[in-house]
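Here the structure comes first, spelled out in structure tokens, and everything after it is commentary.
Just so you know, all these numbers are worked out from the coordinates, no wet-lab data involved. Not measured: the values here are computed from a predicted model. No Cβ is skipped: glycine too gets one built from the backbone with ideal geometry, and neighbour counts run over all protein chains shown.
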Amino acid sequence: MFTRRRHLGVAGVLLTVAALAAGVSVARHNKITREAGGDIAITSGDSTADLPMPVEGITARRSALTLTVIASGQAEARRRFSLAALVTSRVTTLGVREGQTVHAGAPLVELEATDYALALEEARARLSAAETQFRELVIFDERLADTVVRNARATAARAKSGLDVADVAVRRAELDLSRAHVVAPSAGQVANVRIVPGQWVRIGDPLLEVLDVDPIRVEAQVLEGDVTQLERGRGAAVSFIALPGRTFGGRVESINPLVDPQARTVRVTVSIPNPNGRILPGMYARIVLDTRVLQDRLVIPRRAVLERDHRTLVFVYARDGSANGEGRAEWRYVALGAGTDSLVEILPGPPGEGVAPGEIVLTDGQEMLIHGARTRLVTSRAAAP
């Protein structure tokens, strides 16, 4: 028992000595670096810590800054035609399918028209008989010198022969026959087909819809506090969840003068060219609306701005003269002005702070940097070794 305790004690002493030696080695191997602003960072003494960090950057420039308002909305067809049966008959031909693009006047649906064609022939025959009877009644009226009397006799003859009624009957029969042939009222896309060949339809039954989607409209709901900054004709950038990675340009077409009392928003309509029909009615949209333009502002990407200790800052790339793009990252506090989702204005600051036009601000890879860190400027961090 005594021998075992002795061995355990020796082992404990050896472990303690080894831990102290490792601690001293680590302490010697690490070095302490002071960041700008008084922050302390401990960095490894390993040789890999001296390798320059690949970063991306962009040059700060003075330019116009377009302010924006962000809203959400939904795509809607510019015009929507709901076609219904105007005569009672049977569907003989359905010449289109949903999603098909058609031109104005294109045949869509054919209804059984035999009865309507026969009704037209019958009406024309009655009209011909009425015209014959009318001519018999006024055959000698051309000899009358009194124009008033001649016109009065002609009016009476038309009524007696039924000429006017027969003429109306022919026009109605022609209209009924034409309604058996359903054509597109406008160019667009076919939607909501509700019939099949052989189906019997009555007057008023829905057939299908034709949507005019070029240009397409997006109904944006804008907060009432922002709508006063908008004007008809201003630009807009619209993106759709269903079409990721794509942004469509448009223009403000109209601004509704009424505020929704529940949501406190105003409907703003944006028109977007849609020649390929990629944007479909009903798609949910995110709309960035241009409001006003600020001229001659120092602008950088918003992604370059960081926040530490409740202060905003950027890292500026300082070249050290190397030919391979190596340099140092300089920590700068900045004051922000107006901005958008992607850009922000840098305001003038005291000496040692802010950014000057022409300097390169780091936009990718700067999140974990410290003041004076070695960096290497690359065009793409993903492709950098």
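Determine, from the Cβ-Cβ distance of A104 and S128 and an R0 of 35 Å, the FRET efficiency 1/(1 + (r/R0)^6), rounded to the nearest 0.05.
0.50
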Practice task
Sum up the charges of everything whose Cβ sits under 11 Å from the Cβ of D290, counting Lys and Arg as +1 and Asp and Glu as -1, but leave D290 out.
Solution key: +2
Exercise for the section: From zero up to wherever the largest Cα-Cα distance of the range 271-328 sits, split into 10 Å bins and tell me the percent of pairs in each. Expected result: 13, 22, 24, 21, 17, 3
Problem - Cβ-based net charge around A113, under 15 Å, with every Lys or Arg adding one and every Asp or Glu removing one - result: -4
Practice task
Could you compute the FRET efficiency for R311 and A356, with r as their C-beta to C-beta distance and R0 at 25 Å, rounded to 0.05?
Solution key: 0.85
Exercise for the section: Express in whole angstrom the spacing between the alpha-carbon centres of the range 74-137 and the range 362-382. Expected result: 71
Exercise for the section: Take peptides 266-273, 55-62 and line them up by average Cβ neighbours within 10 Å, highest first, as a rough protection proxy. Expected result: 266-273, 55-62
Handout entry: Spin-label pair R194/R153, simplified geometry with 7 Å Cα→Cβ offset, distance in nm
Key = 5.7
Completion exercise
Long-range amide H partners of T88, meaning residues 5 or more apart or on another chain whose placed amide H is closer than 5 Å, are I203
Problem - Mean shadow area of the range 114-179 over all directions, Cα convex hull, nm² - result: 4.6
Practice task
Write out the chymotrypsin sites (Phe, Trp or Tyr not before Pro) in the range 137-242 meeting two conditions: DSSP loop, and at most 14 other Cβ atoms within 10 Å of their Cβ.
Solution key: F140
Exercise for the section: Pop the C-beta distance of S186 and V293 into the FRET formula with R0 = 30 Å and round what comes out to the nearest 0.05. Expected result: 0.20
Completion exercise
R302 neighbourhood, Cβ < 13 Å, K/R = +1, D/E = -1, net charge -3
